[in-house]
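To keep things clear, I will list the structure first and then write my remarks on it.
The values are calculated or read from the model by the stated rules, or taken from the named source; none is laboratory data. Owing to the predicted nature of the structure, the values given are computational and were not obtained by experimental measurement. We place every Cβ from the backbone using ideal geometry, glycine too, and count neighbours over all the protein chains shown.
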């Protein structure tokens, strides 16, 4: 690497060191985001408020209620009648309600069927889905407790085993994708803002007037941010192992190579945004719309792409974050080899090539301010 590239990179490092906002964003943001997303995002909901009306008031009904409460998924809210249970749900004091009829214990006799009503607040579909998922296990435990003296043989037994994430730990799902979110913020925002600031201050025109070639300017400016981005990736990886205990079953070289390609893709996108806008405020808005928001909402970081409508499912294929998150989770949890991650890896390389080509062609030495 020639001296021109090193000189531009050194100049960019001085800009970063003198800018407290850039330093705070680069050093503090990875720590905050890893801890915030890692601990805050939880897909397995518990402590769900449950309004309970026991019209039977028998040992059998108390056993049923105890089964719900002891599961640690529900917080009981006892009511005096079914209307109050519905009122609790209307007021948001309960997400579901358990209604036990007065004839519940009598209907447990042979050749009869006891019916229990469960009301679920459908405004929060995540909580509703969790309640529905818990009901099967609670029902089975209640039957075992009620008829513990009777040996009941089920005609069909279904045994479920979860692969790759046996405990369904939400942190194991979220943390491997955090590197994509952090890289998106660091690379796009920092590159777009700092380069756009130089356009506003007029220092970019002075740089373009030097004998330095455009490709050398691009490499020199992106080099410090690529180092910062890789430091963030390494930090997320260390936090995933030491704090969240996420297993890593894949190849380290493949992971960091994919991270590097993904990082350069977003650095090129940030550079392209700065060249097109040349204004810091506009650069930040475009970076948020084209980089940060799609990375969080459309990349599969939180919501699976497979369940999106067909248009959005195919639209997300142009997002580099989608492919990197897929690679990251497969390497972390599944221990996939190179052939298994080859399709998303090639897609990431293709997007990187297109973005770099666009940024390089747009960033010409003779561009006028």
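Brief remarks follow.
- Selection from the range 105-119 of residues that are more than 18 Å from residue 57 (Cα to Cα) and buried (at least 18 other Cβ atoms within 10 Å of the Cβ): 119
- Unmet criterion (only one of (1) in contact (Cβ under 8 Å) with a residue 40 or more places away in the chain; (2) over 15 Å from the mean Cα position of the chain (by Cα)) for residue 313: (1)
- If you go through the range 317-348 and keep only what is surrounded by fewer than 18 Cβ atoms within 10 Å (Cβ to Cβ) and assigned to a helix (DSSP H, G or I), you end up with 317, 318, 334, 342, 343, 346.
- Given (1) in a loop (DSSP other than H, G, I, E, B); (2) more than 20 Å from the chain's Cα centre (by Cα); (3) at pLDDT below 90, number of the condition residue 276 does not satisfy: (1)
- Checked against the criterion of being free of Cβ contacts under 8 Å to residues at least 40 places away in the same chain and either under 20 Å from the mean Cα position of the chain (by Cα) or within 22 Å of residue 93 (Cβ to Cβ) (or both), the candidates 18, 47 yield just one match: 47.
- With a requirement of 1 or more residues that are touching a strand residue (DSSP E or B) at 6+ places or on another chain (Cβ under 9 Å), on the phi > 0 side of the Ramachandran plot and modelled with pLDDT under 90, none of the strands (runs of 3 or more DSSP E) lying completely within the range 27-118 satisfies it.
- Selection count where residues are crowded, with 17+ Cβ neighbours inside 10 Å and more than 18 Å from residue 120 (Cα to Cα), scope the range 68-104: 1
- Boolean, residue 357 is modelled with pLDDT under 90 and in a helix (DSSP H, G or I): yes
- Flag for residue 271 being modelled with pLDDT under 90, over 27 Å from residue 250 (Cα atoms) and assigned by TED's automatic domain parsing to the domain that holds residue 178: yes
- Residue match in the range 326-339 (condition: assigned by TED's automatic domain parsing to the domain that holds residue 210 and either in contact with a strand residue (DSSP E or B) (Cβ under 6 Å, 6 or more places away or on another chain) or more than 18 Å from residue 259 (Cα to Cα) (or both)): no
- Residue among 235, 264 that is surrounded by fewer than 18 Cβ atoms within 10 Å (Cβ to Cβ) and in the same structural domain as residue 322 (by TED's automatic domain parsing): 235
- Given (1) farther than 24 Å from residue 38 by Cα; (2) surrounded by 21 or more Cβ atoms within 10 Å (Cβ to Cβ), index of the condition residue 281 fails: (2)
- Scanning the range 50-73 for residues that are touching a residue at least 60 places away in the same chain (Cβ under 8 Å) and closer than 30 Å to residue 173 by Cβ yields a total of 4.
- The range 286-310 residues that are at positive phi, paired with ones that are part of a helix (DSSP H, G or I) and loosely packed, with under 15 Cβ neighbours inside 10 Å (beta carbon under 9 Å, 6 or more apart): 300/306
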